[in-house]
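Each remark here refers to the structure printed beneath this line.
The values are calculated or read from the model by the stated rules, or taken from the named source; none is laboratory data. Predicted, not measured: the structure shown is a model, and the values here were computed from it. Using ideal geometry, Cβ is built from the backbone for each residue, glycine included, and neighbour counts are taken over all protein chains shown.
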(Lines give C-alpha, C1' and ligand atoms only; values in the text may rest on other atoms or scores of the structure.)
Protein backbone atom coordinates (compact mmCIF):
# COMPACT_ATOMS: atom_id res chain seq x y z
CA UNK A 1 0.00 0.00 0.00
CA UNK A 2 1.35 3.40 -0.97
CA UNK A 3 1.79 5.97 1.74
CA UNK A 4 -0.45 9.06 1.39
CA UNK A 5 1.30 12.14 0.02
CA UNK A 6 0.51 14.11 3.18
CA UNK A 7 2.42 11.59 5.29
CA UNK A 8 5.36 11.61 2.90
CA UNK A 9 5.47 15.41 2.99
CA UNK A 10 5.28 15.41 6.79
CA UNK A 11 8.16 12.90 6.98
CA UNK A 12 10.22 14.97 4.55
CA UNK A 13 9.57 18.15 6.53
CA UNK A 14 10.55 16.40 9.78
CA UNK A 15 13.72 15.09 8.12
CA UNK A 16 14.59 18.57 6.85
CA UNK A 17 14.12 20.02 10.34
CA UNK A 18 16.37 17.28 11.70
CA UNK A 19 19.07 18.12 9.15
CA UNK A 20 18.71 21.82 9.92
CA UNK A 21 19.19 21.11 13.65
CA UNK A 22 22.22 18.88 12.91
CA UNK A 23 23.83 21.66 10.84
CA UNK A 24 23.24 24.16 13.66
CA UNK A 25 24.84 21.75 16.18
CA UNK A 26 27.83 21.20 13.87
CA UNK A 27 28.30 24.94 13.38
CA UNK A 28 28.12 25.45 17.14
CA UNK A 29 30.75 22.76 17.74
CA UNK A 30 33.03 24.31 15.13
CA UNK A 31 32.76 27.82 16.51
CA UNK A 32 35.41 27.10 19.15
CA UNK A 33 37.22 24.22 17.45
CA UNK A 34 40.99 24.32 17.06
CA UNK A 35 43.75 21.96 16.04
CA UNK A 36 47.20 22.25 17.59
CA UNK A 37 50.16 20.54 15.95
CA UNK A 38 53.94 20.65 16.17
CA UNK A 39 56.34 20.73 13.28
CA UNK A 40 58.19 17.49 12.64
CA UNK A 41 61.41 19.02 13.93
CA UNK A 42 59.53 19.98 17.14
CA UNK A 43 60.64 23.60 16.92
CA UNK A 44 57.22 25.16 16.26
CA UNK A 45 53.69 24.63 17.52
CA UNK A 46 50.72 26.14 15.70
CA UNK A 47 47.05 26.33 16.54
CA UNK A 48 44.64 26.52 13.63
CA UNK A 49 41.02 27.69 13.83
CA UNK A 50 37.96 26.16 12.18
CA UNK A 51 38.44 28.05 8.91
CA UNK A 52 42.11 27.11 8.67
CA UNK A 53 43.28 30.44 10.08
CA UNK A 54 46.42 30.58 12.19
CA UNK A 55 45.17 31.18 15.75
CA UNK A 56 48.43 30.66 17.64
CA UNK A 57 52.15 30.22 17.12
CA UNK A 58 54.78 29.11 19.63
CA UNK A 59 58.50 28.60 19.25
CA UNK A 60 59.50 25.63 21.39
CA UNK A 61 62.56 25.11 23.56
CA UNK A 62 64.58 27.88 21.90
CA UNK A 63 65.22 25.64 18.87
CA UNK A 64 64.36 28.54 16.58
CA UNK A 65 67.45 30.38 17.80
CA UNK A 66 69.74 27.94 15.99
CA UNK A 67 67.69 27.93 12.77
CA UNK A 68 68.19 30.20 9.81
CA UNK A 69 65.20 32.13 8.45
CA UNK A 70 64.46 29.58 5.71
CA UNK A 71 64.46 26.66 8.14
CA UNK A 72 62.19 28.48 10.58
CA UNK A 73 59.81 29.54 7.83
CA UNK A 74 59.68 25.96 6.53
CA UNK A 75 58.87 24.65 10.03
CA UNK A 76 56.09 27.21 10.48
CA UNK A 77 54.62 26.46 7.04
CA UNK A 78 54.81 22.70 7.56
CA UNK A 79 53.09 22.88 10.95
CA UNK A 80 50.44 25.28 9.64
CA UNK A 81 49.72 22.97 6.70
CA UNK A 82 49.37 19.97 8.96
CA UNK A 83 47.14 21.97 11.31
CA UNK A 84 44.88 23.02 8.43
CA UNK A 85 44.70 19.41 7.27
CA UNK A 86 43.78 18.21 10.76
CA UNK A 87 41.09 20.88 11.06
CA UNK A 88 39.74 20.02 7.60
CA UNK A 89 39.48 16.39 8.69
CA UNK A 90 37.56 17.43 11.85
CA UNK A 91 35.12 19.45 9.74
CA UNK A 92 34.66 16.55 7.33
CA UNK A 93 34.05 14.09 10.16
CA UNK A 94 31.51 16.43 11.73
CA UNK A 95 29.55 17.01 8.52
CA UNK A 96 29.91 13.50 7.04
CA UNK A 97 26.59 12.22 8.48
CA UNK A 98 24.81 14.97 6.53
CA UNK A 99 26.16 13.60 3.25
CA UNK A 100 24.27 10.31 3.64
CA UNK A 101 20.87 9.70 2.10
CA UNK A 102 17.86 9.76 4.40
CA UNK A 103 16.81 6.39 5.78
CA UNK A 104 13.21 7.50 6.38
CA UNK A 105 12.72 9.58 3.20
CA UNK A 106 14.52 7.86 0.30
CA UNK A 107 13.85 10.82 -2.00
CA UNK A 108 16.10 13.02 0.16
CA UNK A 109 19.67 12.42 -0.79
CA UNK A 110 22.48 13.61 1.43
CA UNK A 111 24.20 16.93 0.94
CA UNK A 112 26.79 16.71 -1.82
CA UNK A 113 29.95 18.44 -0.58
CA UNK A 114 33.02 18.84 -2.76
CA UNK A 115 35.62 18.51 0.00
CA UNK A 116 38.55 19.01 -2.35
CA UNK A 117 37.11 22.28 -3.66
CA UNK A 118 36.29 23.38 -0.12
CA UNK A 119 39.65 22.56 1.48
CA UNK A 120 41.96 22.18 -1.52
CA UNK A 121 45.61 22.11 -0.48
CA UNK A 122 44.80 21.38 3.15
CA UNK A 123 43.65 17.88 2.27
CA UNK A 124 46.61 17.30 -0.03
CA UNK A 125 48.93 18.40 2.80
CA UNK A 126 47.35 15.76 5.01
CA UNK A 127 47.75 13.04 2.37
CA UNK A 128 51.39 13.96 1.88
CA UNK A 129 51.87 14.05 5.64
CA UNK A 130 50.64 10.49 6.11
CA UNK A 131 54.20 9.18 5.92
CA UNK A 132 56.92 11.55 7.03
CA UNK A 133 59.53 12.08 4.36
CA UNK A 134 63.02 11.02 5.28
CA UNK A 135 66.11 13.04 4.34
CA UNK A 136 67.04 10.70 1.47
CA UNK A 137 63.57 10.67 -0.10
CA UNK A 138 64.16 13.67 -2.36
CA UNK A 139 67.35 12.16 -3.71
CA UNK A 140 65.65 8.77 -4.11
CA UNK A 141 62.80 10.49 -6.02
CA UNK A 142 65.33 12.11 -8.34
CA UNK A 143 67.14 8.80 -8.94
CA UNK A 144 63.88 6.96 -9.66
CA UNK A 145 62.54 9.60 -12.03
CA UNK A 146 65.63 10.53 -14.04
CA UNK A 147 68.90 8.84 -14.87
CA UNK A 148 71.91 10.04 -16.87
CA UNK A 149 71.24 7.65 -19.76
CA UNK A 150 67.75 9.06 -20.31
CA UNK A 151 65.96 5.95 -19.09
CA UNK A 152 63.66 5.93 -16.15
CA UNK A 153 65.25 4.71 -12.94
CA UNK A 154 64.44 1.49 -11.17
CA UNK A 155 60.93 0.92 -9.92
CA UNK A 156 59.34 2.46 -13.01
CA UNK A 157 58.58 0.96 -16.38
* Kindly indicate which of 56, 62 is surrounded by fewer than 13 Cβ atoms within 10 Å (Cβ to Cβ) and at positive phi. => 62
* Find the residue count for the range 4-25, including only residues that are over 19 Å from residue 99 (Cβ atoms) and either in contact with a helix residue (DSSP H, G or I) (Cβ under 8 Å, 6 or more places away or on another chain) or surrounded by 11 or more Cβ atoms within 10 Å (Cβ to Cβ) (or both). => 6
* Look at the range 30-44 and say how many of its residues are touching a strand residue (DSSP E or B) at 6+ places or on another chain (Cβ under 8 Å) and surrounded by fewer than 18 Cβ atoms within 10 Å (Cβ to Cβ). => 3
* Has the range 26-47 got at least one residue that is assigned to a helix (DSSP H, G or I) and either modelled with pLDDT of 95 or more or closer than 20 Å to residue 101 by Cβ (or both)? -> yes
* Asked: Of (1) out of contact with any strand residue (DSSP E or B) (no Cβ under 7 Å at 6 or more places or on another chain); (2) buried (at least 18 other Cβ atoms within 10 Å of the Cβ); (3) more than 21 Å from residue 118 (Cβ to Cβ), residue 75 satisfies all except one. Which?
  -> (1)
